[in-house]
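Below is one structure, written out as structure tokens, with a few remarks after it.
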Amino acid sequence: MTNLHTQALERSPSKVVVWLPLLATLGYPFLLMLFHTQINQGNGPAAVLLLLVASAVPLLGMLVASRPGLPLGLRRLAYACVVAPTLYVFLGVVQALLGSSLPDPLVWCVLWSLAALLAARRGRVLETERQLRPGLGRWRVAHGISALVLCLYVLFHLGNHLTGLVGPALHAEVMDAGRTVYRAWFIEPLLVLAFVFQAVSGLYLAWHWSAKRQDLLRTFQIATGVYLAVFVLGHMNSVFIYARTYLGIPTDWNFATGAPTGLLLDPWNIRLVPHYTLGVFFVLGHLLAGLRVVLEAHGVAPGRVRGLWYGGMFASALVALAIIAGMLGLRL
Ligand code: HEM
């Protein structure tokens, strides 16, 4: 046994810690149900606290995924727990498409229990190693270039959602203008293909990097990438298959905000609040993490890189909160 391996085992996190993200993920639907009970009873502060705890499940996944001495399966399980908020939306939509009468929380618990059984069988402990598998560099470059192109759509899309703070009418006006470009017959299929490529290439890279321990920053980059891959695939399924094809409804402000009940008061829709808020924060944070790697590689002064990182993360959180506040009814 190598020294590195021995040290890693000595620093292994306790059994409780390694399973914490899974426990939190199993509890995720129940936290949302409790939120709804509290809201109905008019207990605002308790409801907000429950929503904050539910939204912190990904953070717990990231913290555990970056711990030393974690067996491979459990490290990947911790990464998987980061996607809980968006996966729960995906599951709900797929259940609706299948016409399933099984409750979402039941299916959720069964699927995660199976994932836990699989994870517990993969026991190798692999520590940090930054070596690239041959050929992986090309995937990284392609992932980065396609991200630059997709940025144009994402930034417009988020700007469009920010206009919700003024009101649905302006949101619709900006979306109508944008649709003349991104819904053009020769652009929309390319956009969808590029997003699918982004998700698949991102998952491939994450599979490689998640095998070993990474520092917290790198873990953030990998984990937000995994979240976004599931978010984008689930989001496009909701827009193209569920709304436009299955329900035959327009994908407008009312669709996004769960009208007429809204996002907060409907027991199904509440899951969209952490899903969207983290989706916006993570897409901006993921881009910043990529930019940080590029700037460091080009020798930009560490102080400047750190300033950009913290400033950027703060601004990303503000944008995410502003968008969700507009969707919840706040008007400027
Ligand atoms: C608060 C967050 C978000 C909300 C409420 C939201 C909502 C929507 C809505 C309503 C549409 C339909 C647009 C239309 O019919 O023209 C849409 C489309 C789409 N969104 Fe989002 N979105 C959000 C965040 C994101 C993020 C972060 C991404 C990418 C990482 C993304 C990617 C897409 C894509 C690829 C489409 C399909 C574009 C098309 O219609 O051709 N969305 N979204």
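Within region 284-315, the set of residues being of a type outside the set (A, V, I, L, M, F, W, C) and touching a residue at least 12 places away in the same chain (Cβ under 8 Å) comprises G285, H286, G290, R292, G312. Within region 239-261, the residues that satisfy the criterion of being near the ligand (Cβ under 8 Å from one of its atoms) and either in contact with a strand residue (DSSP E or B) (Cβ under 6 Å, 6 or more places away or on another chain) or closer than 19 Å to I324 by Cβ (or both) are V239, T251, D252, W253, F255, A256, T257. Return the only residue of V232, V226 being crowded, with 21+ Cβ neighbours inside 10 Å, near the ligand (Cβ under 10 Å from one of its atoms) and within 23 Å of A56 (Cα to Cα). Checking each option against the conditions leaves just V232. Checking each residue in region 264-283 for being surrounded by fewer than 21 Cβ atoms within 10 Å (Cβ to Cβ), more than 8 Å from the ligand (Cβ to nearest atom) and touching a residue at least 12 places away in the same chain (Cβ under 8 Å) picks out L264, L265, P267, W268. Contact annotation: residue pairs with Cβ atoms under 6 Å, 6 or more positions apart or on different chains, pairing a residue in region 243-258 that is free of Cβ contacts under 8 Å to residues at least 24 places away in the same chain and closer than 18 Å to V273 by Cβ with a partner that is near the ligand (Cβ under 9 Å from one of its atoms) and among the aliphatic types (A, V, I, L, M), are F255/A243.
Confirm whether G92 is under 23 Å from the mean Cα position of the chain (by Cα), over 17 Å from L263 (Cα atoms) and either modelled with pLDDT of 95 or more or crowded, with 20+ Cβ neighbours inside 10 Å (or both). For G92, the condition - under 23 Å from the mean Cα position of the chain (by Cα), over 17 Å from L263 (Cα atoms) and either modelled with pLDDT of 95 or more or crowded, with 20+ Cβ neighbours inside 10 Å (or both) - is not met. For region 173-214, a residue qualifies if it is at pLDDT below 95, farther than 20 Å from R138 by Cα and either surrounded by fewer than 19 Cβ atoms within 10 Å (Cβ to Cβ) or within 15 Å of the ligand (Cβ to nearest atom) (or both), and exactly one does: K212.
The values are calculated or read from the model by the stated rules, or taken from the named source; none is laboratory data. Just so it is clear, the structure is predicted and the values come from calculations on it, not from any experiment. Virtual Cβ from ideal backbone geometry, glycine too; neighbours counted across all protein chains shown.
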